[in-house]
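Data block below; observations after.
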Amino acid sequence: LWDAQTGDEVLTITGATGPRAFSRDGKRLATTSVDPTVVKLWDAQTGQELLALKGHSGAVNHLAFSPTNNRLATVSSDATIKVWDTETAQELLTLAGSGGIAFSHDGHRLAAGGPNGTVLIYDATPLPEKP
């Protein structure tokens, strides 16, 4: 990790490869690992590994944190999207999709790339939070 103002190296995280995403508060970093089916969450200040998310059968190629940082969406080459709890590593949802992903500003919807250039919109609200 680099300081954007000075260009100085701030932190080196080993074992991180592939796509990366910062949590919206900047405290955590999500990356794939040497095994591209495993996503790891890191403390962005210390470089300590916090969690490993395992469940995709294909390489993870897109990552997105929810606005509240309590969920992470991952997209795999196996055309699945998984939504994870970032505190417990519990898989909350499995959806279909193969392209980029983004949470809505309130975190209740998830937009994902679909087949033939389509965009899929999902309800991404975990069951306990549904109104």
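The values are calculated or read from the model by the stated rules, or taken from the named source; none is laboratory data. None of these values were measured; they are calculated from a predicted model. A quick note on method: Cβ atoms are made from the backbone with ideal geometry, for glycine too, and the neighbour counts reach across all protein chains shown. The accessibility values were calculated without ligands, DNA or RNA, using every heavy atom of the protein model including side chains. Shrake-Rupley method; radii C 1.70, N 1.55, O 1.52, S 1.80 Å.
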Average projected area of the Cα convex hull of the chain, in nm²?
-> 8.3
Restricting to aspartates and glutamates and to Cα separations under 18 Å from LYS40, and discarding same-chain partners fewer than 8 apart, the set is ASP25, GLU49, ASP85, GLU87, GLU91
Burial-style ranking of 82-88, 28-34, 6-12, 52-58, average other-beta-carbon count within 10 Å with highest first, yields 28-34, 82-88, 52-58, 6-12
So, with +1 on the Cβ of K and R and -1 on the Cβ of D and E, and no other charges, what is the size of the charge dipole of the chain about its Cα centre, to the nearest 20 debye?
-> 280
Keeping all protein chains in place, calculate the accessible area per residue for the range 1-102 (probe 1.4 angstrom), answer in Å².
-> 49
Kirkwood Rh, Cα atoms: Rg over Rh of the range 56-114 = 0.93
Full-extension gain in nm, PHE22 to GLN90, via 0.36 nm per residue minus C-alpha separation | 22.6 nm
